[in-house]
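Below you will find the structure I want to go over with you.
The values are calculated or read from the model by the stated rules, or taken from the named source; none is laboratory data. Quantities reported herein were computed from a predicted structural model and do not represent experimental measurements. Positions of Cβ are generated from backbone atoms using ideal geometry, with glycine treated the same way; all protein chains shown enter the neighbour counts. Each accessible area value is taken on the protein alone, full model and side chains, heavy atoms only, with ligands, DNA and RNA left out. Shrake-Rupley method; radii C 1.70, N 1.55, O 1.52, S 1.80 Å.
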Amino acid sequence: MMKNEIIEISNISKVFRTDFYKKPFSALENVTFSVARGQITGFLGANGAGKTTLIKIIMKFIAANSGHIAYHLRGDSWREICLSIGYLPERPYFHPHLTGREFLEYMGRLNEMKMSAIVEQVKNLSVRLRIDHALDRKIKSYSKGMLQRLGMTACLLHDPEFLILDEPLSGLDPLGRKEFKNILIEERARGKSIFFSSHIVPDVEEVCQQVIFLEKGGVLYQGAIDELIVQNLKPNFWFVLNDFDETSIVDMQQKFALMNLSHKEKLTSFEVLPDQKEHCLKYILDKNYSLHAFGQVRPRLEEIFYKIKEEHF
């Protein structure tokens, strides 16, 4: 029976000794969480929180001092498990004197792909990731953004069921970030499980269903983003009105304590206190103002992240 978790991390600790005469540094301490199958899970934490160290342990590049990781992927041997994982490191290394196409063919062979499948995948993915125009150029001529696109192409090349991505959006311009986020959403729709680290909270909020907060080597929170936001809903209510003129705004300000008032194009938004919600809504309907939307104020994930940090430290 297939488990709901694609990977389970149990009590992982890692200590580094950088100098014989100095006290060992604890990078991870009893880290325990699971990554849900078929979901995009964000791995959040400031630089130095221990995210990359844990990912290296998951990939068996380094060993933990204690703890256990259970992999629920195709196959039982580590070789078979590796063929089910697509990995993009934070600082990938590329052979500078190879062309992009040569590098991808090499990666395909490492993943035991047939040459016909490599050619087909390179053709499709390079167009999708907008790197097709540069495949026959030497990698040493690539920009940071192009290298990131090449790395993601290599990550997806063998059609893995589990993607592990360490800061995949770094080095990308705003358009590239949007394109990569769309690719993550598309891959999830194709049934992939995705685990990616970031220190940019809005990126995680935009595409993830699950989130794990890591701070100073320990897990502060693991769970669904929607549940976390519902638990931290603010008491105020927001309204958005269409074609709201200046006179109407003044009229409402005299009757209600409008907060966070703003105008964007033809929309006017504001907040009111909980005890004013029903009166404000009735007033808007009685005046036949064009109500675009309203609801309880939803906090940003970034606000919740800092709140959780303050509660623990």
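Whole number please: convex hull volume per residue of the Cα set in segment 228-299, in Å³?
Looking at segment 228-299, the number lands at 86 Å³ per residue.
Using a Gaussian network model of the chain whose springs link C-alpha atoms within less than 10 Å, name the residue from S26, S198, S84 with the highest mean-square fluctuation.
Of S26, S198, S84, the most mobile in the Gaussian network model is S26.
Right, next: I'd like to compare 226-233, 302-309, 260-267: which one has the highest average count of other Cβ atoms within 10 Å, and what's the full order after that? Before the final figure, lay out each step's value.
Values: 226-233: 12.9, 302-309: 15.6, 260-267: 10.5.
With the highest mean Cβ count within 10 Å placed first, the list reads 302-309, 226-233, 260-267.
Can I ask one more? For segment 272-313, what % of the accessible area comes from carbon and sulfur atoms, probe 1.4 Å?
Answer for segment 272-313: carbon and sulfur cover 50 percent of the accessible area.
Among the aspartates and glutamates, select those whose C-alpha is under 20 Å from the C-alpha of K216, and discard any that sit fewer than 8 residues away in the same chain.
E29, E90, D166, E167, E302, E303, E310, E311
Pull up the cross-link candidates among the aspartates and glutamates for K282, meaning alpha carbon to alpha carbon under 19 Å and not fewer than 8 places away within one chain.
K282 reaches D243, D245, D251, E271.
Are there chymotrypsin sites (Phe, Trp or Tyr not before Pro) in segment 214-255 that DSSP marks as loop and that have at most 14 other Cβ atoms within 10 Å, and which are they?
none
For a 28 Å ceiling on Cα separation, which of these pairs sit above it: K178/K266; K51/K181; K22/K307; K192/K264; K123/K181; K14/K144?
Violating the 28 Å Cα-Cα cut-off are K22/K307; K192/K264; K14/K144.
Provide the per residue accessible area, probe 1.4 Å, for segment 175-252, rounded to a whole number of square angstrom.
For segment 175-252, the per-residue accessible area is 43 Å².
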